[in-house]
Amino acid sequence: MKLAPLFSIGALAAVSLLGCSNQSTSTTSASSEDTTVLRFSHFWPATSSISTEVFEPWAEQIAADSNGRLKIELYPSAGLAKADVTYEAATKGTIDIGSQAHGYSNGRFPLTQITELPGLSNSATQMGCMLQTLYDDGTLASEYEDSHLLFMYGGGPGALHSTDKLIRTPDDMKGMRIRRPSAVAGDIIESAGASPVGLPANDMYTSLQRGVVDGLSFPWEAVTAFKIDEITKYHTNIPFYSSALMVTMNKEKYENLPDDLKQVLDDNSGMALAKKVGEVFDKHDQMAIQAAKDKGDEIIDIPDPLNDPDWKGPLENGTNKYLEDVNALGLDADSVYEKAKAASAACKV
């Protein structure tokens with residue numbers, strides 16, 4: 001996949017003036033008959049940092065580079081496809097482009113989700129780089145043969161956030177209902193004695209309000225993006241897991257484009273986008289942590305849980321269980337895990 005610079009700081013500033021509308025617009029020289037419209041559905045709120053600082057400028061850049069012949073319409077908050085079936089909707093052509101967390105389709109991307117295991121990533125930038133590296137070198141490519149993958153990206157480390165008490169050790173989690181974002185995090189949550197509950201991010205606010213769950217494992221940026229900061233008061237700042245995410249396109253739609261328009265998409269895909277998302281997420285993770293401190297929330301830091309006497313056991317047990325489950329599918333999980341560790345080291349910021 002060819003990589004190229006995305007857009008200048010000046011272009012980003014210009015795009016920010018557009019606001020957070022439900023779909024992107026651009027001034028182009030192409031007539032409506034010459035324009036191919038691509039409908040892009042993602043689960044992030046329209047006001048989230050990834051929507052305003054990545055997806056909107058990305059759509060605007062593609063419109064500019066194609067002289068108005070490609071127009072990407074943005075549908076945030078799962079506007080055209082539910083969060084857990086967005087990838088499938090893109091493969092079937094219900095939408096043209098979609099962004100989904102791999103954890104929403106547990107079992108569909110077992111090799112990719114190895115990258116979510118604790119100890120592999122300490123930032124969104126590192127996570128996105130690791131994911132894109134493993135896709136580009138062919139390690140994970142077989143899991144996306146039914147779509148045209150535009151780029152991977154990763155979330156920052158998923159900390160633990162709760163409404164009623166601070167989680168200092170795994171023993172504090174016993175009996176709690178914790179939202180799990182993926183099978184990887186679910187195995188770790190269960191090994192700590194809590195009950196993992198599967199919920200899309202869009203349902204988290206009301207689930208916490210109603211007591212359906214007592215807490216969640218979530219990156220800091222997402223805590224503010226989904227307004228979870230309004231409900232949670234206790235935070236265990238631990239790199240519990242990292243989320244793998246992707247932006248994919250309907251394969252037939254891509255292949256039917258003229259070569260020059262394919263090139264526009266190719267030039268605005270791949271590692272450059274993975275790193276761009278990482279930079280945005282990492283910045284907003286730090287802003288969210290500071291906001292929680294300013295609000296007076298209680299926060300505890302566990303920066304190296306794999307070497308912490310309380311946390312090491314549950315994290316290692318969850319890791320081993322996930323790798324064993326993937327091996328049981330006839331896949332070489334151990335080999336991918338080793339490649340993920342190598343990519344992690346190469347991508348370390």
- What residue, among those in the stretch 326-349 that are charged (D, E, K, R), touching a residue at least 40 places away in the same chain (Cβ under 8 Å) and not in a loop (DSSP other than H, G, I, E, B), is farthest from Thr163 (Cα to Cα)? Lys339
- Item | Any pair with Cβ under 6 angstrom, 6 or more apart, that starts in the stretch 172-187 at a residue that is of a type in the set (A, V, I, L, M, F, W, C) and ends at one that is in a helix (DSSP H, G or I) | Ile178/Ile189; Val184/Gln113; Val184/Glu116; Val184/Tyr322
- Query: Just for the stretch 114-129: of the residues that are among the polar types (S, T, N, Q) and surrounded by fewer than 24 Cβ atoms within 10 Å (Cβ to Cβ), which one is nearest to Ser335 (Cα to Cα)?
  - Reply: Asn122
- Item | Matching residues in the stretch 229-244 - criterion: being assigned to a loop (DSSP other than H, G, I, E, B) and surrounded by fewer than 24 Cβ atoms within 10 Å (Cβ to Cβ) | Ile231, Thr232, Lys233, Ile238, Pro239
- What do you reckon, is Leu111 open to solvent by 10 Å² or more (accessible area, probe 1.4 Å) and out of contact with any Pro (no Cβ under 9 Å at 6 or more places or on another chain)? yes
- Message: Given the options Lys262, Lys275, Lys251, name the one that is under 20 Å from the mean Cα position of the chain (by Cα) and not acidic (Asp, Glu).
- Response: Lys275
- Message: Checking Phe55 against (1) under 15 Å from the mean Cα position of the chain (by Cα); (2) at pLDDT 95 or above; (3) more than 17 Å from Val264 (Cβ to Cβ); (4) surrounded by 22 or more Cβ atoms within 10 Å (Cβ to Cβ), only one condition comes out false. Which one?
- Response: (3)
- Hits in the stretch 284-303 - residues which are touching a Phe, Trp or Tyr at 6+ places or on another chain (Cβ under 9 Å), more than 17 Å from Thr163 (Cα to Cα) and surrounded by fewer than 15 Cβ atoms within 10 Å (Cβ to Cβ): Gln286, Met287
- Message: Can you tell me which residue is surrounded by the most Cβ atoms within 10 Å (Cβ to Cβ) among those in the stretch 59-96 that are within 13 Å of Val247 (Cα to Cα) and touching a residue at least 60 places away in the same chain (Cβ under 8 Å)?
- Response: Ala90
- Task: Among the residues of the stretch 140-156, count how many are open to solvent by 20 Å² or more (accessible area, probe 1.4 Å) and of a type outside the set (D, E, K, R).
- Result: 3
- Residue among Val212, Val223, Val247 that is buried (at least 23 other Cβ atoms within 10 Å of the Cβ) and not in a helix (DSSP H, G or I): Val247
- Query: Which residue pairs have Cβ atoms under 7 Å apart, sit 6 or more places apart or on different chains, and have a first residue in the stretch 190-211 that is at positive phi and a second that is open to solvent by 50 Å² or more (accessible area, probe 1.4 Å) and outside any helix (DSSP H, G or I)?
  - Reply: Gly193/Lys174
- All conditions in (1) modelled with pLDDT under 95; (2) assigned to a helix (DSSP H, G or I); (3) not aliphatic (A, V, I, L, M) are true of Thr125 except (1)
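Quick grid of which residues meet (1) surrounded by fewer than 24 Cβ atoms within 10 Å (Cβ to Cβ); (2) acidic (Asp, Glu); (3) at pLDDT 95 or above:
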{"residue": "Leu131", "(1), (2), (3)": "no, no, yes"}
{"residue": "Gly158", "(1), (2), (3)": "no, no, no"}
{"residue": "Pro170", "(1), (2), (3)": "yes, no, no"}
{"residue": "Ser182", "(1), (2), (3)": "no, no, no"}
{"residue": "Ser191", "(1), (2), (3)": "yes, no, no"}
- Out of the stretch 32-52, which residues are assigned to a loop (DSSP other than H, G, I, E, B) and open to solvent by 10 Å² or more (accessible area, probe 1.4 Å)? Thr35, Trp44, Pro45, Ala46, Thr47
- Note on the structure: The number of residues in the stretch 136-194 that are part of a helix (DSSP H, G or I) and of a type outside the set (Gly, Ala, Ser) is 12
- Query: Among the residues of the stretch 194-207, is there at least one that is at pLDDT 90 or above, open to solvent by 10 Å² or more (accessible area, probe 1.4 Å), among the small types (Gly, Ala, Ser) and in contact with a strand residue (DSSP E or B) (Cβ under 6 Å, 6 or more places away or on another chain)?
  - Reply: yes
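The values are calculated or read from the model by the stated rules, or taken from the named source; none is laboratory data. Remember, it's a predicted structure, so these values are computed and weren't measured experimentally. Heads up, the Cβs are rebuilt from the backbone with ideal geometry, glycines too, and the neighbour counts pull from every protein chain shown. In case anyone asks, the SASA skips ligands and DNA or RNA and just uses the protein heavy atoms, side chains included. Shrake-Rupley method; radii C 1.70, N 1.55, O 1.52, S 1.80 Å.
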